[in-house]
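Enquirer: Have a look at this one before I ask anything.
The values are calculated or read from the model by the stated rules, or taken from the named source; none is laboratory data. Bear in mind that the values here come from a model prediction, so they are computed numbers and not experimental data. When we count neighbours, we look across all protein chains shown, and the Cβ atoms used for this are built from the backbone with ideal geometry, even at glycine. For accessibility, only protein heavy atoms count, side chains too; no ligands or nucleic acids. Shrake-Rupley method; radii C 1.70, N 1.55, O 1.52, S 1.80 Å.
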Amino acid sequence: MNPFGHFKTITKHRHMVMRNCFKAGIGFQGLFHDLSKYSPTEFIQGAKYYSGKHSPIRDERLEIGYSVAWMHHKGRNKHHYEYWTDSDPKTRKMSPVPMPDNYVKEMFCDRVAASKVYNGKEYNDYKPLEYLERECLSWEIHPETEKKIRFLLQMLIDKGEKETFRYLRNNKTIEI
């Protein structure tokens, strides 16, 4: 149990995302980013499974087979593609729906910040896309949303942060 380490990590991440959101032209969203991480449901689990090297959600899943913190988090934070699922009236199964672009932008800001926090000095502009490549095998993300986040992460690699944030700030929609 490491509440101080967890608090420090999530606060560092949140502040990084806020700065990124201001650079991307969605500063108001950044002010409210991940506030649910401070709720008892998420914070207690985060402190319990804290390592400082990766998300505590991973270790909670390994121990109990699922993550209470993650289920709480994804249902309250629209920058997670998992939030954007609904019951398809034709198939009567849960299916992904397209994310609005302002939340795709926030997802990009979040992914860059998380990669910097967890990779530290090992961070480079390839890390956010590497994470997506590693994790997306099991994703049920809407194809349009996946194309947009991949486009932004590739732009980060090809053109760098400054140009990618300029693109986000200057374009209301993400054109692929």
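Enquirer: Please give the direction-averaged projected area of the C-alpha convex hull for segment 28-128, in square nanometres with one decimal.
Expert: About 8.1 nm², averaged over all directions.
Enquirer: Next question. Put one equal scatterer on each alpha carbon of segment 74-141, apply the Debye formula with no solvent term, and list log10 I(q)/I(0) at q = 0.11, 0.12, 0.18, 0.21 1/Å to two decimals.
Expert: Reported log10 I(q)/I(0), two decimals: -0.32, -0.38, -0.76, -0.94.
Enquirer: Continuing with the same structure: For segment 1-28 and segment 61-95, compute the distance between their C-alpha centroids and round to whole Å.
Expert: When both Cα centres are located, 22 Å separates them.
Enquirer: List the chymotrypsin sites (Phe, Trp or Tyr not before Pro) in segment 1-107 that DSSP assigns to loop (not H, G, I, E or B) and whose Cβ has at most 16 other Cβ atoms within 10 Å. Which are they?
Expert: Phe32, Tyr66
Enquirer: Per residue, how much accessible area does the chain show when a 1.4 Å probe rolls over the protein heavy atoms, in square angstrom?
Expert: Heavy-atom SASA per residue in the chain reads 58 Å².
Enquirer: When the Cα atoms of the chain are enclosed in a convex hull and the volume is divided per residue, what value in Å³ results?
Expert: Spelled out: Cα convex hull of the chain, divided by residues, is 123 Å³.
Enquirer: Another question, if that's okay. With springs only between Cα atoms under 10 Å apart, run a GNM on the chain and tell me which of Asp101, Asp110, Asp158 wobbles the most.
Expert: Sorting by GNM fluctuation, first place goes to Asp158.
Enquirer: When we measure straight from the Cα of Lys127, which lysines land under 20 angstrom away, once same-chain ones fewer than 8 places off are left out?
Expert: Within the straight-line limit of under 20 Å, Lys127 reaches these lysines: Lys12, Lys23, Lys53, Lys105, Lys116, Lys147, Lys148, Lys159, Lys162.
Enquirer: Around Thr11, what is the net charge, scoring Lys/Arg as +1 and Asp/Glu as -1 over all other residues with Cβ under 15 Å from its Cβ?
Expert: That sum, taken over residues with Cβ under 15 Å, equals +3.
Enquirer: Reachable aspartates and glutamates from Lys37, Cα under 17 Å, same-chain residues fewer than 8 places away excluded?
Expert: Partners within reach: Asp59, Glu60, Glu82, Glu106, Asp110.
Enquirer: May I pose another question? Scattering from the C-alpha atoms of segment 41-93 alone, worked out with Debye: what is log10 I(q)/I(0) at q = 0.17, 0.23, 0.24 1/Å?
Expert: -0.60, -0.87, -0.91
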